[in-house]
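The values are calculated or read from the model by the stated rules, or taken from the named source; none is laboratory data. Predicted, not measured: the structure shown is a model, and the values here were computed from it. Note that we place each Cβ from the backbone using ideal geometry, even for glycine, and neighbour counts take in every protein chain shown.
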Amino acid sequence: MSGDTYGGDRIGFHNGTFWGEAIGKKVEHHHHYGPMPQVEDALPPVAAEFTGRDDELGSLLATLAPDDTTGDTDAPADDAGRPPALPVTPAPATPVLVTAVAGLGGVGKTALAVRAAHTARERGWFPGGALFVDCHGYDETPAGPEQLLEALLRALGVAAAHVPSTLDERAGLYRSVLAERARTSGRVLIVVDNASHPAQVRPLLPGHTAHRVLVTSRDTMPQLGAHQLHLDILRPEVARDVLRTALRTAAPADPRVQDEPDAAGRLCALCGHLPLALQIAAALLISDPGKPVAELVAELAGSATVLDHLDDGERGVRAAFDLSYRRLGPGPARLFRLLALAPGPETSDEALTVLSGADGVPRRELNVLIRAHLVAPGSVRGCWTLHDLVRAYALDQVSREEELRIEGTRARTRLLAHYRRRAEAADRSLRSRSGPAPASGFGGPQDALRWLDRERTGLISAALWAADPVHARDGLGLALSLYGYLHWRRYFDDAVSVYRCAVRAALALRDDLGAGRAWNALGLALRSNRRIEESVAAHSRAVEIHRERGDRLQEGKSWDMLGVSLTEARRFDESVAAHERARELVRAVADGRLVEASSWNNSGRALFKMGRFDESVVALTRACEMFRSIGDRSREATATNNLGRAFRETGRLEEALAAHTTARAVFQELGARERHATAWNDFGVALSALGRFDEAVDAHLLAVREYEDLADRHRQAIAANDLGVTLRRAGRHDEAVDAHRQALRLFGELADHYGEGETLKLLTAAGHGEEGPLGGGPPAEGENR
């Protein structure tokens, strides 16, 4: 059956033979070839373990149902009085002569078609019988339409001696016999399995509109005008049911899937949720009843290629894909291999064009792969994806030939260089804050962000190619150019992975400047993930590298970043000293004013947390003035918001409100959601200090919701504590307790022991109705750069 299997057997027509026999009562036919028997059932048996396709089966039955069953979910019982297996989905308004089930090899097209055909027969929809032929469309010698027509004619009772010799004569006789069948016996269902080209199917279409044709193919064949059902892989929970059913069919008491649910889930994932692979995995377990599922998972995960392991002696995933791959021409085959080399789970038109080295998207070759179901549309228009096992197959093809490996390396080099150029340009555009950056190729920051968002998964995956010495230089450059974007969009987990890889690449390249920058980027990512001590260590390493290089500007930047992490570690004296050292280093250096301004802002934050509020006001005022002179509105707004906190603690409450309002407006304009939420929360604390509790509660709630949406649990916990303090001051003690409990849970999830301890104090105060201090938690972070 050319790779699509079900029930452990290959099924269908071969070299002129066909399934079933023409049996039943004879009817006289007006042609000279004699009496023609009634066709009862020429279908293969239904797979005993068929499961998991209820929705698809319902859709398929809807296209096969006769007109008088439209919308009728109470289909008639079969001759034995058995009820139908499923309700009938309402049929299309206009009957469709041909229904095509298309999908990847091994996805279960034949099993679904056979099940649908049997169900339709049981419901009495095809009293004239059912025929089945396998076109062997993906074999080296596919069956021709002449062979297929001969098999169908003989199944319909035409003697071999009366079968005409030419294709046109056979097709004419076939239509004539089916027309007579419609008149004397009723509708006939013709299942045409494993077709690879419309030319195989078109001569098999009956002339009479009563009959129906059900086609399965790995290719989409729009030329047939068929109702199309695209069969996808199984959902994870359904894949597990398929595995469990297969084992229970062989041994009803087999408990392995239930006893090892996690291992079963991993096994399904390794099989790509592909029915063929799941059935092979099940066969491997059935052949060794004592084998734990986890043991098979370990074997599959550890094998050089999972494709070779998924073979039970009769069926193999590799064999199924071989059939499709061999039918591709040179152009589509090359594009197929290059797509497998693309970074990330989806590949954009842009990346595909660069990989192929073409001037534009190679549409003709891409369409061939789409029709063959080797490539599928991605989550957004203009993106494409490969099934995991298909990708593994294509990569294995590349690895087998030196020429293909060289071609693949060149393609990846092209894409990585392209991504680096575009990401560096996008970073310049983002830093320009407004309007297009010079020679960036982007219309402005929003245009750059749209490109970065669309290509994100590919960019991150390509940056990880830096681990390969061949791609280390461009991979490092790409990683460093993504620094601003990953933190702007808060992709901190991705950032940690990217910059760990970047550090290793820089060290391998003996690039000290790149290594220092990568350590600082890693430190910021770790701090954002609340891995504070690791962040301190990363920035300390960057300080050492830049000191050894004698680069005062980069060393100053590193000291400033280290100071922020020391503040978060509550090592305040060290933090203030680090920021002072940063200013000393950059004060007389060209381009050092931005670092100096940042160090004043971050010093102000540390002084605030030490309770040295007047000194904090002085430092933060200096930061605001310097950022304003530089023209950096974003950092000026951050320093202004921090200054509002210091104003609040020195009793200058109206000035605090004004500072938070000013900062909030800038953050909203710039689309800085986290900082916008921070300004709202600080605004709420100032309102609470003025006794404007209802307004304060609204401000805190807005911040809590925004942080939750951003998945920033640390700041969400801080805002929840500040909400609790305001509620307690307003006399709403039960609500205050709830807010502090939310904060305690969040700090616990983050393993933030200081935050937990402070929250427990606030929770105790709320429970006893004590007023407590303003601003229950540690202040939210300000500028981190």
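Condition check: surrounded by 14 or more Cβ atoms within 10 Å (Cβ to Cβ), in contact (Cβ under 8 Å) with a residue 24 or more places away in the chain, of a type outside the set (F, W, Y) and in a helix (DSSP H, G or I). Does A394 satisfy that? Yes: the conditions hold for A394. Do the conditions hold for A143, that is, is it farther than 13 Å from L205 by Cβ, surrounded by 15 or more Cβ atoms within 10 Å (Cβ to Cβ) and under 45 Å from the mean Cα position of the chain (by Cα)? So A143 passes the test. Would you confirm whether or not region 149-162 contains a residue that is modelled with pLDDT under 90, out of contact with any Phe, Trp or Tyr (no Cβ under 7 Å at 6 or more places or on another chain), buried (at least 24 other Cβ atoms within 10 Å of the Cβ) and over 25 Å from P275 (Cβ atoms)? There is at least one residue in region 149-162 that is modelled with pLDDT under 90, out of contact with any Phe, Trp or Tyr (no Cβ under 7 Å at 6 or more places or on another chain), buried (at least 24 other Cβ atoms within 10 Å of the Cβ) and over 25 Å from P275 (Cβ atoms).
Residue count for region 366-393 under the criterion of being closer than 24 Å to R318 by Cβ and touching a Ser or Thr at 6+ places or on another chain (Cβ under 8 Å): the result is 10. Give me the residue from region 172-198 that is of a type in the set (S, T, N, Q) and under 35 Å from the mean Cα position of the chain (by Cα) and, out of that set, surrounded by the most Cβ atoms within 10 Å (Cβ to Cβ). Filtering region 172-198 for residues that are of a type in the set (S, T, N, Q) and under 35 Å from the mean Cα position of the chain (by Cα), the one surrounded by the most Cβ atoms within 10 Å (Cβ to Cβ) comes out as N194. When restricted to residues that are among the β-branched types (V, I, T), touching a Leu at 6+ places or on another chain (Cβ under 9 Å) and surrounded by 24 or more Cβ atoms within 10 Å (Cβ to Cβ), region 675-703 contains 1. Among the listed residues T141, T119, T110, identify the single one that is more than 20 Å from L178 (Cβ to Cβ), part of a loop (DSSP other than H, G, I, E, B) and polar (S, T, N, Q). Going through T141, T119, T110 in turn, the sole match is T141. P362 meets all of the listed conditions (1) over 23 Å from T216 (Cα atoms); (2) under 21 Å from the mean Cα position of the chain (by Cα) but one, namely (2). Among the residues of region 269-292, is any over 26 Å from F321 (Cα atoms), basic (K, R) and either assigned to a helix (DSSP H, G or I) or at pLDDT 85 or above (or both)? Checking region 269-292: at least one residue is over 26 Å from F321 (Cα atoms), basic (K, R) and either assigned to a helix (DSSP H, G or I) or at pLDDT 85 or above (or both).
Yes/no matrix, rows are residues, columns are (1) hydrophobic (A, V, I, L, M, F, W, C); (2) surrounded by 17 or more Cβ atoms within 10 Å (Cβ to Cβ); (3) modelled with pLDDT under 90; (4) in contact with a Cys (Cβ under 9 Å, 6 or more places away or on another chain):
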| site | (1), (2), (3), (4) |
| --- | --- |
| P222 | no, no, yes, no |
| L231 | yes, yes, yes, no |
| L234 | yes, yes, yes, yes |
| A246 | yes, yes, yes, no |
| E260 | no, yes, no, no |
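So that you can scan it fast, the table gives a plain yes or no per residue for (1) in a helix (DSSP H, G or I); (2) surrounded by fewer than 20 Cβ atoms within 10 Å (Cβ to Cβ); (3) more than 24 Å from the chain's Cα centre (by Cα); (4) in contact (Cβ under 8 Å) with a residue 60 or more places away in the chain:
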site: R431; (1), (2), (3), (4): yes, yes, yes, no
site: F442; (1), (2), (3), (4): no, no, yes, no
site: D447; (1), (2), (3), (4): yes, yes, no, no
site: E455; (1), (2), (3), (4): yes, no, no, yes
site: A495; (1), (2), (3), (4): yes, no, no, no
site: C501; (1), (2), (3), (4): yes, no, no, no
site: A506; (1), (2), (3), (4): yes, no, yes, no
site: W519; (1), (2), (3), (4): yes, no, yes, no
site: L524; (1), (2), (3), (4): yes, no, yes, yes
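The listed residues are L339, L307, L300, and the only one of them that is in contact with a Ser or Thr (Cβ under 7 Å, 6 or more places away or on another chain) and either among the aliphatic types (A, V, I, L, M) or closer than 30 Å to A195 by Cα (or both) turns out to be L339. Under 9 Å by Cβ, and 6 or more places apart or on different chains, what pairs join a residue from region 560-585 that is in contact (Cβ under 8 Å) with a residue 12 or more places away in the chain with one that is among the small types (G, A, S) and in a loop (DSSP other than H, G, I, E, B)? Hits for this filter: V564/G782; S575/A569; R583/G592; L585/G592.
Every test in (1) in contact (Cβ under 8 Å) with a residue 24 or more places away in the chain; (2) in contact with a strand residue (DSSP E or B) (Cβ under 9 Å, 6 or more places away or on another chain); (3) surrounded by fewer than 22 Cβ atoms within 10 Å (Cβ to Cβ); (4) not basic (K, R) is passed by V201 save one, and that test is (3). Restricted to region 736-771, and to residues there that are surrounded by 18 or more Cβ atoms within 10 Å (Cβ to Cβ) and either part of a loop (DSSP other than H, G, I, E, B) or among the hydroxyl-bearing types (S, T, Y) (or both), the residue that is modelled with the lowest pLDDT is D752. Against the condition closer than 18 Å to C624 by Cα, in the same structural domain as R612 (by TED's automatic domain parsing), crowded, with 24+ Cβ neighbours inside 10 Å and not small (G, A, S), how does R645 come out, does it pass? Yes, satisfied.
Please verify whether L247 is touching a Lys or Arg at 6+ places or on another chain (Cβ under 7 Å), under 12 Å from V107 (Cα atoms), outside the structural domain of P198 (by TED's automatic domain parsing) and assigned to a helix (DSSP H, G or I), treating the condition exactly as stated. Taking the combined requirement at face value, the residue does not satisfy it.
Selection within region 281-307: residues that are hydrophobic (A, V, I, L, M, F, W, C) and under 20 Å from A394 (Cα atoms). The member of this set that is surrounded by the fewest Cβ atoms within 10 Å (Cβ to Cβ) is A304. I'd like to check something: does region 195-210 contain any residue that is closer than 26 Å to A65 by Cβ, in a strand (DSSP E or B) and in the same structural domain as L104 (by TED's automatic domain parsing)? Yes, region 195-210 has at least one match. When you look at R381, is it in a helix (DSSP H, G or I) and among the charged types (D, E, K, R), yes or no? So R381 fails the test.
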